[in-house]
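One structure below.
The values are calculated or read from the model by the stated rules, or taken from the named source; none is laboratory data. In this text, all values refer to a predicted model and were calculated from it rather than measured experimentally. No Cβ is skipped: glycine too gets one built from the backbone with ideal geometry, and neighbour counts run over all protein chains shown.
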Ligand code: SF4
């Protein structure tokens, strides 16, 4: 049985806790022992990507310290997982010891779907979600972590779920962290394009493994009063068929 | 108005024009499909990229030696090599050559370096008529615009706009608006220029050190004419474009074509080693190569970013960039646009003027994935942000927010209390009217995007409740 | 002679300072093997590539090469305008064009007499090598100068099947040998083209509209 140390991105913790709760459920259903080290806060990605590397390094150090002994660190966010796995080492400032620590942790950090499929070799988690769903390839999942098929494999095994491919699934949704508020016009134009692709695919839900993309895409869809909604992959995988209950609609 | 404000305004304007974006994307998507097809011709595209990266890294590691070798060979064939430290030095040298030959008419083929050094305005100011001969460049020159894209300069224009331009500027007949007719009109207009010009100026795609050859890649044949017909041929190029040996082109020619235009190989790949040789029938009497530094040697010294000099200007990173898709090339207000522009411009033109371009990216990484020489583009953008912050040129409000956040997140208890306050504030905001309106403090977000209701309970609060009262499985339902 | 300039020394000093400590060691030349898929049938592949890049390929033999070339020239040189055909002065081309029917012989200009001019209606040249992988033709200034292969609206190349090489690698070896004497070489792949207007392919931008290859067995 694998002991999983869960990393919950700060923004999921505060604004979208249901994503974290769903991840816990799926992991436990998969037979993992889930722990949530409470000393964790933020992986430092916002500081890293805006160029505040001193602040990023301090947060990265906390992350490495908190998870140093973990067997596997699982995170329901592609970009936070990518930060821990790929960006930490860049914050070395010539410090070889830090590079070593960061490199030692990196192979134990997993994004949620990656962990299920690559590490647990699990694609059927017993979920039931009778809806038409489009998968958006969140950039960091796809390009930093090379996760393209894993989420789709998981979705294909969900009972009742119809997986559809939208156009331009790999095009950035336009969130981009600080970019979303620094250059809102460009960010929103990209978000509208993504939303239009979701709608054209006649999907009821758009999903991915990155909560921040979903906040952005979901926000655009809601503002446009679109039928489609954004939902995290973990929430779909956590949905189960309950006798007598109406079809899950989180 | 400062460059950053100008950029924001131009970017927002372009982002609001959905029809133009569709047109731009349709064009770039055509490239995308072609490029995918061309990559399939490689048994192993990723191995090809690795080798390109390796060869370029070697060329840059010993750039001085390779350039000297190149110079020696060109000089041996009777050519001249001039090392220009700055844009002004390059301009002055070329003007000097033109004056010495009494040149009144210059024909030019596409060269981004000539845009970089603002060559055409300098020649025009000296009374030398200078004509761009690449069709796209010719069109944007007639419109008095800079190129929109480093490979395809007039891709932002529709056929009708070009037809109207040709009617006005070339006296082309109305109604002649097919691509064939327009290209034909340009061919006819430029034929006489080719035959009359005293001097031709081209760029270079590669400088072959061992054999002392300038390699020029093009489809139209205009660079061939510029380097064949006039009495003087000047090559203006960045000094980083070195490849060690001729044999390297067996890889770089197909890779450049695949990544750039999606062709298996470009139509004309010329190799030029000097002026007309004694046995030869035609060709220029004088041959000059101007090697431009203009900040490149400083970039070479920067180990972290040296790989930027490996760029072969294929344009692939522009073609896949979501920001470029949305705002196009002109909004950048820079010689080089798109991801490579955002990486390179602060190096060549100063952090002060171009530092803000580093923030014009969602950091999606599509550029890095597309780059045939594997330049770490999106991470260089972050490095440029880091340097902007270190130089005190970061975005001020963003800096406060990040520092405040980092301080809160340094202590889990502090962080948790702050989170609770934040959620409460967001709840209060929700009951206020006018979400997304002028008075909404979150307007940059909410103008185009709704913000969901903040939860009453954070994840960690839920977790604590759950672990305090086992068996609490599914207690969140 | 290199124009003495102070900038040169300053630039070189900066480049030297940035130079890697490791000795000059170009990695092995990147050869096609391992990067490109192997070619099954060279001739078939060459035909396919030519078709794709719009090179007009005619396979001829000793018996019909002259007639074919004559027909092509008659086609390229409109009777009305009197535009000449520039021809590389090579024994094989002299031989092939010896029996050209009038009035065409009067319109031939041999490269030993004149460089190609703006009045060219066609150009006839030989090639240095042909590349199977890309359907390309390597020419040099030996074919009558730099303009010979670019200025005329129709470029006719006569080459022999023995000149086919599988990869760019071999063509570049040939190019290296030529570069000792020629100041310009060009690897030509199809007729001149542009896609600068709405991405639509137009043949005959500034160079030849037609590229014709007579491939002799
Ligand atoms: S950075 Fe890479 S992708 Fe962009 S133009 Fe240069 S070589 Fe091409």
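State all residues of the stretch B:372-385 that are without any contact (Cβ under 8 Å) to a residue 60 or more places away in the chain and buried (at least 24 other Cβ atoms within 10 Å of the Cβ); if no residue qualifies, say none.
Kept after step one, since they are without any contact (Cβ under 8 Å) to a residue 60 or more places away in the chain, are these residues of the stretch B:372-385: B:378-379, B:381-382, B:384-385.
Across the stretch B:372-385, the qualifying residues are B:378, B:381, B:384, B:385.
With respect to residue B:278, determine if the residue is closer than 30 Å to residue C:117 by Cβ, in a loop (DSSP other than H, G, I, E, B), away from the ligand (no atom under 13 Å from the Cβ) and out of contact with any helix residue (DSSP H, G or I) (no Cβ under 9 Å at 6 or more places or on another chain).
Details: closer than 30 Å to residue C:117 by Cβ: yes; in a loop (DSSP other than H, G, I, E, B): yes; away from the ligand (no atom under 13 Å from the Cβ): yes; out of contact with any helix residue (DSSP H, G or I) (no Cβ under 9 Å at 6 or more places or on another chain): yes.
For residue B:278, the condition - closer than 30 Å to residue C:117 by Cβ, in a loop (DSSP other than H, G, I, E, B), away from the ligand (no atom under 13 Å from the Cβ) and out of contact with any helix residue (DSSP H, G or I) (no Cβ under 9 Å at 6 or more places or on another chain) - is met.
In the stretch B:147-170, what residues are closer than 19 Å to residue B:129 by Cβ and either in the same structural domain as residue B:113 (by TED's automatic domain parsing) or within 16 Å of the ligand (Cβ to nearest atom) (or both)?
none
If residue A:223 meets every condition in (1) over 29 Å from residue B:319 (Cα atoms); (2) more than 9 Å from chain B (Cβ to nearest Cβ) apart from one, which number is that one?
(2)
Being at the interface with chain B (Cβ under 10 Å from one of its Cβ atoms) and assigned to a strand (DSSP E or B) narrows it down to one of A:12, A:4, A:24, A:34, so name that one. I'd like the intermediate steps shown before the answer.
Numbers: A:12 fails: assigned to a strand (DSSP E or B); A:4 fails: at the interface with chain B (Cβ under 10 Å from one of its Cβ atoms); A:24 fails: assigned to a strand (DSSP E or B).
Result of the check over A:12, A:4, A:24, A:34: A:34.
Among the residues of the stretch B:327-342, write down those that are more than 8 Å from the ligand (Cβ to nearest atom) and farther than 28 Å from residue B:64 by Cβ. Lay out the reasoning, then the answer.
Restricting attention to the stretch B:327-342, the residues satisfying the condition of being more than 8 Å from the ligand (Cβ to nearest atom) are B:327-337, B:341-342.
Listed by number, the residues that qualify are B:327, B:328, B:329, B:330, B:331, B:332, B:333, B:334, B:337, B:342.
For residue B:380, state whether it is closer than 30 Å to residue B:322 by Cα and more than 16 Å from the ligand (Cβ to nearest atom). Break it down into steps so the answer makes sense when it comes.
Working: closer than 30 Å to residue B:322 by Cα: yes; more than 16 Å from the ligand (Cβ to nearest atom): no.
No: the conditions fail for residue B:380.
For the stretch B:343-377, how many residues meet the condition of being more than 9 Å from the ligand (Cβ to nearest atom) and more than 20 Å from residue A:143 (Cα to Cα)? Can you show your working first?
The initial filter retains those residues of the stretch B:343-377 that are more than 9 Å from the ligand (Cβ to nearest atom), namely B:345-366, B:369, B:376.
Those still in the list that are more than 20 Å from residue A:143 (Cα to Cα) too: B:345-357.
So the answer is 13.
Which of the residues that make up the stretch B:197-211 are surrounded by fewer than 24 Cβ atoms within 10 Å (Cβ to Cβ) and within 10 Å of chain C (Cβ to nearest Cβ)?
Of everything in the stretch B:197-211, those that are surrounded by fewer than 24 Cβ atoms within 10 Å (Cβ to Cβ) and within 10 Å of chain C (Cβ to nearest Cβ) turn out to be B:210, B:211.
Rundown of residues vs (1) touching a helix residue (DSSP H, G or I) at 6+ places or on another chain (Cβ under 7 Å); (2) surrounded by fewer than 17 Cβ atoms within 10 Å (Cβ to Cβ), yes/no style:
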site: B:403; (1), (2): yes, yes
site: B:411; (1), (2): no, yes
site: B:416; (1), (2): yes, no
site: B:423; (1), (2): yes, no
site: B:429; (1), (2): no, yes
site: B:441; (1), (2): no, yes
site: B:451; (1), (2): yes, no
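Examine the stretch A:149-159 for a residue that is surrounded by fewer than 22 Cβ atoms within 10 Å (Cβ to Cβ), more than 14 Å from chain B (Cβ to nearest Cβ), over 16 Å from residue A:220 (Cα atoms) and touching a residue at least 60 places away in the same chain (Cβ under 8 Å), and state whether such a residue exists.
We begin by selecting, within the stretch A:149-159, every residue surrounded by fewer than 22 Cβ atoms within 10 Å (Cβ to Cβ); these are A:149, A:152-153, A:156-157, A:159.
Remaining after also requiring more than 14 Å from chain B (Cβ to nearest Cβ): A:149, A:152-153, A:156-157, A:159.
Cutting the leftovers down to over 16 Å from residue A:220 (Cα atoms) gives us A:149, A:152-153, A:156-157, A:159.
From what's left, touching a residue at least 60 places away in the same chain (Cβ under 8 Å): A:159.
Yes, the stretch A:149-159 contains a residue that is surrounded by fewer than 22 Cβ atoms within 10 Å (Cβ to Cβ), more than 14 Å from chain B (Cβ to nearest Cβ), over 16 Å from residue A:220 (Cα atoms) and touching a residue at least 60 places away in the same chain (Cβ under 8 Å).
Return yes or no: is residue C:132 buried (at least 23 other Cβ atoms within 10 Å of the Cβ), modelled with pLDDT of 95 or more and under 16 Å from residue B:250 (Cα atoms)? So that I can check it myself, show each step before the final result.
Numbers: buried (at least 23 other Cβ atoms within 10 Å of the Cβ): yes; modelled with pLDDT of 95 or more: yes; under 16 Å from residue B:250 (Cα atoms): yes.
Judged against the criteria, residue C:132 is a match.
Provide a single number: the residues in the stretch B:404-420 that are more than 9 Å from chain A (Cβ to nearest Cβ) and within 16 Å of residue A:56 (Cβ to Cβ).
1
For residue B:236, are the conditions met, namely being at the interface with another protein chain (Cβ under 7 Å from one of its Cβ atoms), touching a helix residue (DSSP H, G or I) at 6+ places or on another chain (Cβ under 6 Å) and buried (at least 23 other Cβ atoms within 10 Å of the Cβ)?
On the way: at the interface with another protein chain (Cβ under 7 Å from one of its Cβ atoms): no; touching a helix residue (DSSP H, G or I) at 6+ places or on another chain (Cβ under 6 Å): yes; buried (at least 23 other Cβ atoms within 10 Å of the Cβ): yes.
Answer is no for this residue.
Just wondering, is there one or more residues in the stretch A:22-29 that are without any contact (Cβ under 8 Å) to a residue 24 or more places away in the chain, within 29 Å of residue A:154 (Cα to Cα) and in contact with a helix residue (DSSP H, G or I) (Cβ under 9 Å, 6 or more places away or on another chain)? Outline the logic, then answer.
First, the residues of the stretch A:22-29 that are without any contact (Cβ under 8 Å) to a residue 24 or more places away in the chain: A:24, A:28.
Keeping just the survivors that are within 29 Å of residue A:154 (Cα to Cα) gives A:24, A:28.
Still in the list and also in contact with a helix residue (DSSP H, G or I) (Cβ under 9 Å, 6 or more places away or on another chain): A:24.
Scanning the stretch A:22-29, I find at least one residue that is without any contact (Cβ under 8 Å) to a residue 24 or more places away in the chain, within 29 Å of residue A:154 (Cα to Cα) and in contact with a helix residue (DSSP H, G or I) (Cβ under 9 Å, 6 or more places away or on another chain), so the answer is yes.
Of the residues A:229, A:193, only one is within 11 Å of another protein chain (Cβ to nearest Cβ), free of Cβ contacts under 8 Å to residues at least 40 places away in the same chain and over 23 Å from residue B:21 (Cβ atoms); which?
Values: A:193 fails: over 23 Å from residue B:21 (Cβ atoms).
Answer to the selection: A:229.
Inspect all residues belonging to the stretch B:306-314 and state whether any of them is under 28 Å from residue B:369 (Cα atoms), modelled with pLDDT under 95 and either within 12 Å of chain C (Cβ to nearest Cβ) or surrounded by fewer than 20 Cβ atoms within 10 Å (Cβ to Cβ) (or both).
yes
Condition first: more than 8 Å from chain A (Cβ to nearest Cβ) and in a helix (DSSP H, G or I). Can you find one or more residues in the stretch B:432-442 that meet it? Explain how you work it out, then say what you get.
Pass one, the stretch B:432-442, residues more than 8 Å from chain A (Cβ to nearest Cβ): B:432-435, B:437-442.
Still in the list and also in a helix (DSSP H, G or I): none.
No, the conditions are met nowhere in the stretch B:432-442.
Residues are listed down the side, and each one gets a yes or a no for (1) under 29 Å from residue B:351 (Cα atoms); (2) buried (at least 20 other Cβ atoms within 10 Å of the Cβ); (3) within 9 Å of chain C (Cβ to nearest Cβ):
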| site | (1), (2), (3) |
| --- | --- |
| B:19 | no, no, no |
| B:33 | no, no, no |
| B:45 | no, no, yes |
| B:57 | yes, no, yes |
| B:66 | no, yes, yes |
| B:90 | yes, yes, no |
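Of all residues in the stretch A:72-105, how many are in a helix (DSSP H, G or I) and closer than 19 Å to residue A:210 by Cβ?
11
Against the condition within 16 Å of the ligand (Cβ to nearest atom), closer than 28 Å to residue B:322 by Cβ and buried (at least 21 other Cβ atoms within 10 Å of the Cβ), how does residue B:389 come out, does it pass? It would help to see each step written out before you state the result.
Numbers: within 16 Å of the ligand (Cβ to nearest atom): no; closer than 28 Å to residue B:322 by Cβ: yes; buried (at least 21 other Cβ atoms within 10 Å of the Cβ): yes.
Spelling it out, it is not the case that residue B:389 is within 16 Å of the ligand (Cβ to nearest atom), closer than 28 Å to residue B:322 by Cβ and buried (at least 21 other Cβ atoms within 10 Å of the Cβ).
Quick one: is residue B:296 closer than 29 Å to residue C:177 by Cβ, touching a helix residue (DSSP H, G or I) at 6+ places or on another chain (Cβ under 8 Å) and within 11 Å of chain C (Cβ to nearest Cβ)? Give the derivation first.
Numbers: closer than 29 Å to residue C:177 by Cβ: no; touching a helix residue (DSSP H, G or I) at 6+ places or on another chain (Cβ under 8 Å): yes; within 11 Å of chain C (Cβ to nearest Cβ): yes.
Taking the combined requirement at face value, the residue does not satisfy it.
Quick check on the stretch C:177-204: of everything there that is under 15 Å from the mean Cα position of the chain (by Cα) and within 16 Å of residue B:210 (Cβ to Cβ), which residue is surrounded by the fewest Cβ atoms within 10 Å (Cβ to Cβ)?
C:178
Residues that are surrounded by fewer than 20 Cβ atoms within 10 Å (Cβ to Cβ), at least 3 per element: which helices (runs of 4 or more DSSP H) completely within the stretch B:93-189 meet that?
Details: elements: B:112-116, B:119-125, B:135-142, B:159-170.
Hits in the stretch B:93-189: B:119-125, B:159-170.
Okay, residues lined up against (1) within 28 Å of residue A:118 (Cβ to Cβ); (2) surrounded by fewer than 24 Cβ atoms within 10 Å (Cβ to Cβ); (3) under 19 Å from the mean Cα position of the chain (by Cα):
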| residue | (1), (2), (3) |
| --- | --- |
| A:175 | yes, no, yes |
| A:184 | no, yes, no |
| A:201 | yes, yes, no |
| A:204 | no, yes, no |
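Within the bounds of the stretch B:396-406, is there any residue that is in a helix (DSSP H, G or I), over 25 Å from residue A:40 (Cβ atoms) and more than 15 Å from the ligand (Cβ to nearest atom)?
Yes, the stretch B:396-406 contains a residue that is in a helix (DSSP H, G or I), over 25 Å from residue A:40 (Cβ atoms) and more than 15 Å from the ligand (Cβ to nearest atom).
Of the residues B:287, B:324, only one is assigned by TED's automatic domain parsing to the domain that holds residue B:239 and more than 10 Å from the ligand (Cβ to nearest atom); which? Outline the logic, then answer.
Numbers: B:324 fails: assigned by TED's automatic domain parsing to the domain that holds residue B:239.
Result of the check over B:287, B:324: B:287.
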